[in-house]
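The values are calculated or read from the model by the stated rules, or taken from the named source; none is laboratory data. The shown structure was predicted, so the numbers you read here are calculated from the model rather than taken from an experiment. Glycine gets a Cβ as well: all are built from the backbone with ideal geometry, and neighbour counts include every protein chain shown. Calculation scope for accessible area: heavy atoms of the full protein, side chains included, ligands and nucleic acids excluded. Shrake-Rupley method; radii C 1.70, N 1.55, O 1.52, S 1.80 Å.
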Amino acid sequence: MTKDSNSSDARPRNIVLVGFMGTGKTTVGKRLAQRLGMTFVDMDDIIVERQGKPVSRIFEEDGESAFRALERGLALELAEQRGLVIGAGGGLVLNPDNIRVFERTGRVVCLSLDPETILERLANDRSRPLLAGEDKERKLRETLAARQTLYDAMAIQINRTGLDVGQTVDRIVALCEL
Ligand code: S3P
């Protein structure tokens, strides 16, 4: 893929899915990419592949700030490309510059779900360091509350409560006028 992001490029602009952990960014992103004939990429997967270790080990051995720096670098890199549906990590919104660069070069869509459903979906998950250990529910509620205004600030919002993957994709296509 070329690094050219000027308007003469026929490929569609990127669509970036943001939102809290467990809101289905990867599942929805894959289906959306299929529907639009775009390419899906998952930011965490790329970071994990490049670092050769899971996110939990990056947090443990290198620290969260090292992970955020990798996330930032990757956001800049992907924003230079076109034709991508990008599944972001839940913490992408912590750095407003990430959102700014993605909004300049594509659309940013925020997925949300009620905390009870997120908790159910992540009940047996061990891959997310921010929710690891005792009292997952408290960590989830506190992290979500601390970030709520950041997620709410996204221009395109999809509350997935009661929507399956196909319905969520339909809603994104409609709201983004694709
Ligand atoms: C994080 C979310 C995770 C992953 C990392 C940190 C967060 O991605 O990037 O564990 O800060 O919310 P998912 O949203 O895909 O779970």
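Worth pointing out:
- For the pair ARG126 and GLU142 in one chain, pulling the backbone fully straight at 0.36 nm per residue adds 3.9 nm over the alpha carbon distance.
- Of ASP135, ASP45, ASP97, the one that fluctuates the most in a GNM where the chain has Cα springs shorter than 10 Å: ASP135
- In plain terms, the chain is cut at each of the trypsin sites (Lys or Arg not before Pro) found in a DSSP loop with at most 12 other Cβ atoms within 10 Å, and the longest leftover piece is 4-125.
- Where the range 1-156 is the region considered: accessible area per residue in Å², 1.4 Å probe: 51
- Of the complete DSSP H runs in the chain, those spanning 18 angstrom or more by Cα along the long axis with a mean Kyte-Doolittle score not below 0.0 are 64-79.
- Förster radius 30 Å - calculated FRET efficiency between ASP135 and ALA66 (Cβ-Cβ, nearest 0.05): 0.70
- Grouping the Cα pair distances of the chain into 5 Å bins from zero gives a pair-distance distribution of 1, 8, 17, 21, 22, 17, 9, 4, 1, 0, 0 percent in increasing distance order.
- Share of carbon and sulfur in the accessible heavy-atom surface of the range 1-158 [1.4 Å probe, %]: 48
- Rounded if a/c under 1.5, otherwise prolate or oblate - the range 95-140, Cα gyration tensor axes: prolate
- Length gained on full extension, ILE46 to GLU77, computed as 0.36 nm times the residue gap minus the Cα-Cα distance: 10.0 nm.
- With a Förster radius of 30 Å applied to the beta-carbon distance between ARG57 and ASP9, the computed FRET efficiency rounds to 0.20.
- Calculated mean residue ellipticity, 222 nm, the chain: -15500 deg cm²/dmol, from DSSP H runs (n ≥ 4) at -39500 (n - 2.57) each, averaged per residue and rounded to 500.
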